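What follows is a short report on a single structure.
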Amino acid sequence: MGSRAVLLTVLTAILWGGLPTAVRFSTEEIPPVAVAGLRFAMAAAFTAIWAGLHGVPLRIQPHQMLRPLVGGILLFLQIALFTVGIFWSNASHGSVMVNTFVFWVVAIEHFLLRTAAMNARRLSGLVLAAAAVVLILLTMSDSAPSTDPPSLAGDLMLLASAFLLAIKILFTRVSVRHLHPDQFVTWHAVFGTLLFAAWSLSTEQVNVERLMEIDNTSVRNALIGVAYQGIIVAGFCFAIQARLLTEYSAYRISVFSFSTPLFGILFAVLLRGDAISPWLFLAGAAVAAGITLVNSADETSSPQTSK
């Protein structure tokens, strides 16, 4: 990869790292499921425009709707758990927990689907990820006071979200064999947004008048957080990664994802005042090392994926 491609890939990893912090800012003023709905309403609009610019028709046959519908349900469950989990816990814990999805993918592919063989590097990555999660849960009570104190319930929700994200990724891999990726991504975001809207309207209360107080710092930060999730992460990062995937193998791009949990912790500490402890940093480093091991195992086992 050239220097420009490397810089763009690292930039997307950094921006992904800021997602949990953006969610935490947003949920201070907007209910969690409503935040998720706003995020994916923007994502659906972006991907629809993206598909149009690339000449991909969004109209699909009725019998093809089942896959995006299932994808939308998985999206709803996974993102709802992620958003509520961060609201109940904090951004730094969310940055570590949600990135364990990589290891769930490996475990499911090996133990259930039998589509990927386990080897020493993959096993080491799984062990490091498990150790990181256990370390966070065992040392939670040792955390120093912070603006957003973590909770066991929130962390368990984040772990469940990571597991569902792995399921959704594997389901998406199968689905895009039958539908164009832009069609699947757009329609599953539409269905997910409808579910978010239905749940939020029936269970949450959004204070619209409060959100009109743009001069209020908390409200302004919440709206910026929503825009970050919808425009920067779901829009800009999607566009950059899609372009990079046309030029380089998925392995060469995904190997940089090791830095995402570390950047996530950094953003949470600097912007939310999360208490940083040696235990949390060690857990983040363990997840980062595990991601590196898993991705390097992918390259050695599948050399044909190289550019």
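The values are calculated or read from the model by the stated rules, or taken from the named source; none is laboratory data. Note that the structure is predicted; figures quoted are calculated from it, not measured. Glycine also receives a Cβ, built like all others from the backbone with ideal geometry; neighbour counts cover every protein chain displayed.
Of the residues making up the stretch 53-66, not one is at pLDDT 95 or above and either within 18 Å of residue 241 (Cα to Cα) or touching an Asp or Glu at 6+ places or on another chain (Cβ under 7 Å) (or both). The numbered conditions (1) surrounded by 15 or more Cβ atoms within 10 Å (Cβ to Cβ); (2) part of a helix (DSSP H, G or I); (3) in contact with a helix residue (DSSP H, G or I) (Cβ under 6 Å, 6 or more places away or on another chain) are all true for residue 150 except (2).
Taking the options 270, 280, 201, 266, name whichever one is surrounded by fewer than 15 Cβ atoms within 10 Å (Cβ to Cβ) and either within 29 Å of residue 137 (Cα to Cα) or in contact with a His (Cβ under 9 Å, 6 or more places away or on another chain) (or both). Please lay out each step first, then the result.
Values: 280 fails: surrounded by fewer than 15 Cβ atoms within 10 Å (Cβ to Cβ); 201 fails: either within 29 Å of residue 137 (Cα to Cα) or in contact with a His (Cβ under 9 Å, 6 or more places away or on another chain) (or both); 266 fails: surrounded by fewer than 15 Cβ atoms within 10 Å (Cβ to Cβ).
Being surrounded by fewer than 15 Cβ atoms within 10 Å (Cβ to Cβ) and either within 29 Å of residue 137 (Cα to Cα) or in contact with a His (Cβ under 9 Å, 6 or more places away or on another chain) (or both) holds for just one of 270, 280, 201, 266, which is 270.
For the structure I just gave you, tell me whether residue 127 is surrounded by fewer than 18 Cβ atoms within 10 Å (Cβ to Cβ), out of contact with any Gly (no Cβ under 6 Å at 6 or more places or on another chain), of a type outside the set (Phe, Trp, Tyr) and in a helix (DSSP H, G or I).
yes
Listed by position, the helices (runs of 4 or more DSSP H) inside the stretch 1-98 whose residues that are within 23 Å of residue 152 (Cα to Cα) and in contact with a helix residue (DSSP H, G or I) (Cβ under 6 Å, 6 or more places away or on another chain) number at least 2 are 19-26, 32-53, 66-88, 91-98.
In the stretch 162-182, the residues that are among the acidic types (Asp, Glu) reach residues that are surrounded by 18 or more Cβ atoms within 10 Å (Cβ to Cβ) and assigned to a helix (DSSP H, G or I) with C-beta atoms within less than 7 angstrom, at least six apart or across chains, in these pairs: 182/47; 182/51. Checked against (1) more than 16 Å from residue 164 (Cβ to Cβ); (2) small (Gly, Ala, Ser); (3) within 20 Å of the chain's Cα centre (by Cα), residue 51 passes all but a single condition, namely (3). Once the stretch 116-146 is narrowed to residues that are of a type in the set (Val, Ile, Thr) and out of contact with any helix residue (DSSP H, G or I) (no Cβ under 6 Å at 6 or more places or on another chain), the residue that is farthest from residue 291 (Cα to Cα) is 134.
Residue-by-condition table, conditions (1) buried (at least 22 other Cβ atoms within 10 Å of the Cβ); (2) farther than 17 Å from residue 284 by Cβ; (3) touching a Ser or Thr at 6+ places or on another chain (Cβ under 7 Å); (4) in contact (Cβ under 8 Å) with a residue 24 or more places away in the chain:
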site	(1), (2), (3), (4)
74	no, yes, no, yes
78	yes, yes, yes, yes
82	yes, yes, yes, yes
93	yes, no, no, yes
146	no, no, no, yes
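With the condition kept exactly as written, say whether any residue in the stretch 255-262 is aliphatic (A, V, I, L, M) and not in a loop (DSSP other than H, G, I, E, B). So that I can check it myself, show each step before the final result.
We begin by selecting, within the stretch 255-262, every residue aliphatic (A, V, I, L, M); these are 255, 262.
In the following step, the residues that additionally are not in a loop (DSSP other than H, G, I, E, B) were identified as 255, 262.
Yes: one or more hits.
Quick grid of which residues meet (1) touching a residue at least 40 places away in the same chain (Cβ under 8 Å); (2) not aliphatic (A, V, I, L, M):
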site	(1), (2)
103	yes, yes
106	yes, no
110	no, yes
114	no, yes
123	no, no
133	yes, no
136	yes, no
153	yes, no
158	yes, no
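Of the residues making up the stretch 281-302, none is at pLDDT 90 or above and of a type in the set (S, T, N, Q).
Determine whether residue 68 is buried (at least 22 other Cβ atoms within 10 Å of the Cβ) and either in contact (Cβ under 8 Å) with a residue 24 or more places away in the chain or farther than 17 Å from residue 291 by Cβ (or both). In short, yes. A search for C-beta distances below 7 Å between a residue of the stretch 204-224 that is at positive phi and any residue that is surrounded by 15 or more Cβ atoms within 10 Å (Cβ to Cβ) and part of a helix (DSSP H, G or I), counting only pairs 6+ apart in sequence or on different chains, returns nothing.
Each residue in the stretch 111-153 was checked for being among the small types (Gly, Ala, Ser), modelled with pLDDT under 85 and under 26 Å from residue 270 (Cβ atoms), and 4 of them qualify. Could you tell me which residue of the stretch 169-215 is farthest from the chain's Cα centre (by Cα), considering only residues that are basic (Lys, Arg) and in a helix (DSSP H, G or I)? If we take residues in the stretch 169-215 being basic (Lys, Arg) and in a helix (DSSP H, G or I), then 210 is farthest from the chain's Cα centre (by Cα). Looking across the stretch 93-113, just one residue is more than 18 Å from residue 128 (Cβ to Cβ) and in contact with a Gly (Cβ under 7 Å, 6 or more places away or on another chain), and that is 94.
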